[in-house]
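J.: Mind looking over this structure? Questions follow.
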Amino acid sequence: MSGLRPSSTKLTLDIDVQHLEAELGRYALLEASWSATLSATGQRSNGVRATTCTFQADEKIHTGYAGMVEGYQREIAALADAIVAVLTSPASGTDAACQKSIEGSAGGSGSNDH
């Protein structure tokens, strides 16, 4: 769908956060699924591309509420990056491109005992 004018493309993004959990000084966890529908209309193209994916981030965080908030901020940024990567990938929508799991991202190793 490259080469389309921005006004002829519509992106609808739905994000469903299934699990958002943290334990102070230990970990922050984000589990979500998301779906994107890219609709294109124009003289040469009239199509819809739909993608549905899952995302999980589990990371160790620093102590205190600020550490918990920073952990969530990193995980939400990682979710946004994952969405962009899938939507701009030539293999977008495939299981390999869609399933994203991050443990220990930006904050050390993830905690699996929660």
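J.: I need the full set of residues from region 50-75 which are among the aliphatic types (A, V, I, L, M) and either open to solvent by less than 50 Å² (accessible area, probe 1.4 Å) or at pLDDT 95 or above (or both), in order please.
T.: Ala57, Ile61, Met68
J.: Mind listing just one residue for me: the one in region 13-49 that is among the β-branched types (Val, Ile, Thr) and over 18 Å from Ile76 (Cα atoms) and, of those, modelled with the highest pLDDT? Don't jump to the end; show me each part of the working.
T.: Quick first cut of region 13-49, residues among the β-branched types (Val, Ile, Thr) only: 15, 17, 37, 41, 48.
Next, only the ones that are over 18 Å from Ile76 (Cα atoms) stay: 37, 41, 48.
Working: Thr37: 89, Thr41: 68, Val48: 71.
It comes out as Thr37.
J.: Can I ask one more? Mind checking whether some residue in region 90-109 is surrounded by fewer than 13 Cβ atoms within 10 Å (Cβ to Cβ), assigned to a helix (DSSP H, G or I) and at pLDDT 70 or above?
T.: Looking for residues that are surrounded by fewer than 13 Cβ atoms within 10 Å (Cβ to Cβ), assigned to a helix (DSSP H, G or I) and at pLDDT 70 or above, one finds none in region 90-109, hence no.
The values are calculated or read from the model by the stated rules, or taken from the named source; none is laboratory data. Please read all numbers here as calculations on a predicted model, not as lab measurements. We place every Cβ from the backbone using ideal geometry, glycine too, and count neighbours over all the protein chains shown. Quick note on the areas: whole protein, heavy atoms, side chains included, nothing else; ligands and nucleic acids left out. Shrake-Rupley method; radii C 1.70, N 1.55, O 1.52, S 1.80 Å.
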